[in-house]
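Worksheet: one structure, shown below.
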Amino acid sequence: MGAFIPVAASALAADKSATVNPAGPSIWYFFGYPFEAGSMIAAICACIAVRLYVAQKDRAQYRWNIDFPVSALTIMTTAMAVVRLRPDPGLALIYGTGIGALGVGLITIALNFVQSKLPGGPGAEDKPAA
């Protein structure tokens, strides 16, 4: 038993890396894309809070049938913005709030963007054919 104690003490002394914490934000990965965890949490929480606020303002019957898909889209768009832009947590709150407030307007913006890029869509008359 006496020989075991020095061996255990030297094994514990050699394992110094277990107590070292990195300085800086915690980095998470989603499908191989890195992003700061704090920024993602801040943005998603802000987006959800705005979507819940919007849903409470319009208390119509079957409101969640419409608002649930829109909320899911705004949360995914917020997550994409954080992964793509990698903002600090304060700016991520603003992104989450703004994208959450867009709601159905986000669909209109995306539809106009896609239609402008498709041949024969609205706005295609101004662009020369490639």
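Bear in mind these aren't lab numbers, they're just calculated from the coordinates by the rules spelled out. Just so we're clear, the structure is a prediction, and the values are computed from it rather than from any experiment. Heads up, the Cβs are rebuilt from the backbone with ideal geometry, glycines too, and the neighbour counts pull from every protein chain shown.
Would you mind getting me the FRET efficiency between Ile41 and Ala72? Use the beta-carbon distance for r and R0 = 22 Å, nearest 0.05.
Working: r = 18 Å, r/R0 = 0.80.
Once the sixth-power term is evaluated, E becomes 0.80.
I want to make sure I understand the PRE zone here: with the label point 7 angstrom from the Cα of Tyr53 toward its beta carbon, which residues in the range 81-95 have backbone N atoms less than 15 Å away?
93-95
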